[in-house]
Amino acid sequence: MVTTGTFVFARGKEWPDLASALDEVGFALVVSGGADKQVAEALRQASDAAVEEMSGSGEQPLDHFYTKVGNKLRRIESRDIRYIEVEGKYSAVVTGDRRYNVKVSLKELLDKLPVGEFVRVSRNHVVNLARVEHIDVLQYAVRVADRELPVSRTYKENLMRYVRLL
């Protein structure tokens, strides 16, 4: 097993060793005897490919973005977003004071937002975890501001993975 500290790949996830990291992204680590330079180079290339695969385009998560409103570009801070919902071909980004319709898929927006701060709760909704007031585990709903958003059974486990339960 190769251990050189902690390995941090795309989206800030950490693994204790390279073998664990490669195993999670589907690469097998097989080294018999001593690992020579060719094996080390192959591992580096495999880990680079895994990082690229996991991070999509390789872009960093956004702490803000711009959207066109009339003839102006309006800056939206990620921390100000309460939730995002699908509205036809658009995604509606809901902040405290406004609702912005952007022509980007929910998946694309989620991929660009900071991981661990935003989580998908249904096919049509993404919530900012810092804005969640409560989670109704019996009714499969989450309350954000004055709105109850449905939590699908498919995404409930994903939501609970990010919740700090005492």
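The values are calculated or read from the model by the stated rules, or taken from the named source; none is laboratory data. For clarity, every value in this text was computed on a predicted model and none was experimentally measured. Virtual Cβ from ideal backbone geometry, glycine too; neighbours counted across all protein chains shown.
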Scanning the range 97-111 for residues that are closer than 18 Å to residue 131 by Cβ and touching a strand residue (DSSP E or B) at 6+ places or on another chain (Cβ under 8 Å) gives 99, 100, 106, 109, 110
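Just one of 62, 109 is touching a Phe, Trp or Tyr at 6+ places or on another chain (Cβ under 9 Å) and not polar (S, T, N, Q); which is it? Explain how you work it out, then say what you get.
Working: 62 fails: touching a Phe, Trp or Tyr at 6+ places or on another chain (Cβ under 9 Å).
After applying the criteria, what remains is 109.
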Quick count over the range 79-91, residues being surrounded by fewer than 18 Cβ atoms within 10 Å (Cβ to Cβ) and not charged (D, E, K, R), is 3
Considering only strands (runs of 3 or more DSSP E) wholly within the range 82-127, the ones with at least 1 residues that are in contact with a Ser or Thr (Cβ under 6 Å, 6 or more places away or on another chain) and within 13 Å of residue 155 (Cβ to Cβ) are 118-122
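Taking the conditions exactly as written (assigned to a loop (DSSP other than H, G, I, E, B) and farther than 26 Å from residue 72 by Cβ), does residue 164 satisfy them or not? Even if it seems obvious, please write down each step before you answer.
Working: assigned to a loop (DSSP other than H, G, I, E, B): yes; farther than 26 Å from residue 72 by Cβ: yes.
Judged against the criteria, residue 164 is a match.
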If we ask which residues in the range 154-165 are buried (at least 16 other Cβ atoms within 10 Å of the Cβ) and of a type in the set (A, V, I, L, M, F, W, C), their number turns out to be 1
Picked from the range 138-153 (must be more than 14 Å from residue 94 (Cβ to Cβ) and out of contact with any Lys or Arg (no Cβ under 8 Å at 6 or more places or on another chain)), the residue surrounded by the most Cβ atoms within 10 Å (Cβ to Cβ) is 151
How many residues of the range 70-79 are closer than 22 Å to residue 130 by Cα and either out of contact with any Ser or Thr (no Cβ under 7 Å at 6 or more places or on another chain) or modelled with pLDDT of 95 or more (or both)? The answer is 4
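Assess whether residue 120 counts as being surrounded by fewer than 16 Cβ atoms within 10 Å (Cβ to Cβ) and either within 19 Å of residue 68 (Cα to Cα) or not small (Gly, Ala, Ser) (or both). Don't jump to the end; show me each part of the working.
Working: surrounded by fewer than 16 Cβ atoms within 10 Å (Cβ to Cβ): no; either within 19 Å of residue 68 (Cα to Cα) or not small (Gly, Ala, Ser) (or both): yes.
No; evaluated as a whole, the condition is false for this residue.
Quick one: is residue 114 touching an Asp or Glu at 6+ places or on another chain (Cβ under 8 Å) and modelled with pLDDT under 95?
yes
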Checked the range 63-120 for anything under 17 Å from the mean Cα position of the chain (by Cα), of a type in the set (Phe, Trp, Tyr) and more than 20 Å from residue 146 (Cα to Cα); matches are 65
If you go through 126, 132, the only one that is touching a Leu at 6+ places or on another chain (Cβ under 6 Å), aliphatic (A, V, I, L, M) and surrounded by 14 or more Cβ atoms within 10 Å (Cβ to Cβ) is 126
